[in-house]
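I have placed the structure first, in the form of C-alpha cells, so that the comments after it can refer back to it.
The values are calculated or read from the model by the stated rules, or taken from the named source; none is laboratory data. Just so we're clear, the structure is a prediction, and the values are computed from it rather than from any experiment. Here the Cβ positions follow ideal geometry from the backbone for every residue, glycine too, while neighbour counts run over all protein chains shown. Areas reflect the complete protein model, heavy atoms only, side chains present, ligands, DNA and RNA absent. Shrake-Rupley method; radii C 1.70, N 1.55, O 1.52, S 1.80 Å.
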Amino acid sequence: MLMPILQIHSEDMPAYAIVCGDPARAEKISRKLEQARELAFSREYRTFVGLYEGVQIAVVSHGVGSPGAAVCFEELIRAGVTTLIRVGTAGSYTADYPAGSVIVSTAAVRTDGLTRQLVPDGFPAVADIGVTQALIEAAREQESADAATFAGKVGVGITVTLDAFFAGVEEIPHRKYKQAGALAAEMEIAALYIVSTLRGARAGAIVAIDGFADSDLAAEYDPHTDAVGQAVEREINAALRALAALARQDQV
C-alpha cells in the first residue's frame, strides 16, 4: 500500500525506524547501514532502509515541528513500523547538561498545538519503557567507552515540546519548566509519543544538547561545534544499538 505523503510502500517498510528532523541527517545515518537504499524523498520526508547488526531498519526525516512530524509518524505506523526512536537536538535547561550532552526523554511536556487536537489536556506524552531502557543502556555504554572525549554527559528525564523556535511577544515559561524538573526543550517528541500511544506503536527519543534554552544560561547559539557533532554521532549510535537490541528481544 502506498503512503501518499511519504511516498513509500508498506511492503518495503521494516518494523523498526529511526526518525530525525533533517533529511541530510537521515542520509548520514543511512551510511551506517548495510545494503542501504533510498526509497523516497517527498517534501521534507526522506526515507532509507538497510541492515544494522542484521536487523532491517528504516531511517526517515520528519522536518521541523510537531504537525509535519506527526504526518510522518502516522504514515510510518500505517506502513507497518511498530518501534520508532527519534534522534535530534535540544536546548538544555541546566548547566548540568551543557552542549555535547545527550538526554534520553522519558516523557514530554505538551505545549504544542498538535497534540491538543489529538488527546484531551492532561493526557501524558510518555515514552515506551522498553525503548527507553534500551536507549539508556546504549547511551551509557557509549558514555563509558568514550569517557576520555565525551564533552557532556548522559541524562535521563522529561523534555518539553514547543512550537516556537524564535521568541515573540508572549513569554515561554522556560523557568517554570526548569523548576519543575524538565531537562531540555525541543519541537517534536510529544507528537511522537502521543501518535505512537494512539496507534499502538512504541516510541522513545534521545537528543543531543546543542545549547541552552534557559535565558540565564544562554550563550550565542551554535549547533555546529565539535562537541555537538560528537553528541549527535553518539545519539545516532545509541539509537541504532537500542533498535538492534529491541529486535533481538522481540525474537525471543
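Descriptive notes on the structure:
- Rolling a 1.4 Å probe over the heavy atoms of the protein chains gives the chain an accessible area of 45 Å² per residue.
- Protection proxy ranking, peptides 232-240, 115-123, 173-181, average beta carbon neighbours within 10 Å, highest first: 232-240, 173-181, 115-123
- For segment 1-128, Kirkwood radius (reciprocal of mean inverse C-alpha pair distance, Å): 15.6
- In segment 11-137, a dipole from Cβ-located charges (positive for Lys and Arg, negative for Asp and Glu) runs towards its positive end, and of ALA79, ILE136, PRO98 it is PRO98 whose Cα lies farthest in that direction.
- Peptides 2-14, 55-67, ordered by how many other C-beta atoms sit within 10 Å of their residues on average, highest first, read 55-67, 2-14.
- The accessible surface of the chain, taken with every protein chain in place and a 1.4 Å probe, is 51 percent carbon and sulfur.
- For segment 117-208, the square roots a ≥ b ≥ c of the C-alpha gyration tensor eigenvalues yield an a/c of 1.5 or more together with a/b not exceeding b/c, which makes the shape oblate.
- For segment 113-252, a simple Cβ point-charge model (Lys and Arg +1, Asp and Glu -1, everything else neutral) yields a dipole of about 580 debye relative to the Cα centre.
- Shape category assigned to segment 1-44 from the gyration tensor of Cα positions, a/c cut at 1.5: oblate
- Sequence of PHE48, PHE165 from largest to smallest accessible area, 1.4 Å probe: PHE165, PHE48
- Cα centroid separation, segment 56-108 to segment 153-198 (Å): 12
- DSSP-assigned coil residues among GluC sites (Glu not before Pro) in segment 14-105, each with at most 14 further Cβ atoms within 10 Å: GLU53
- Of the three principal axes defined by the Cα atoms of the chain, the extents in descending order read 49, 45, 33 Å.
- Pairs from the list LYS28/LYS153; LYS32/LYS176; LYS153/LYS176 with a Cα-Cα gap above 31 Å: LYS32/LYS176.
- Estimated distance in nm for a label pair at GLU53 and HIS224, the labels positioned 7 Å out from Cα along Cα-to-Cβ: 3.4
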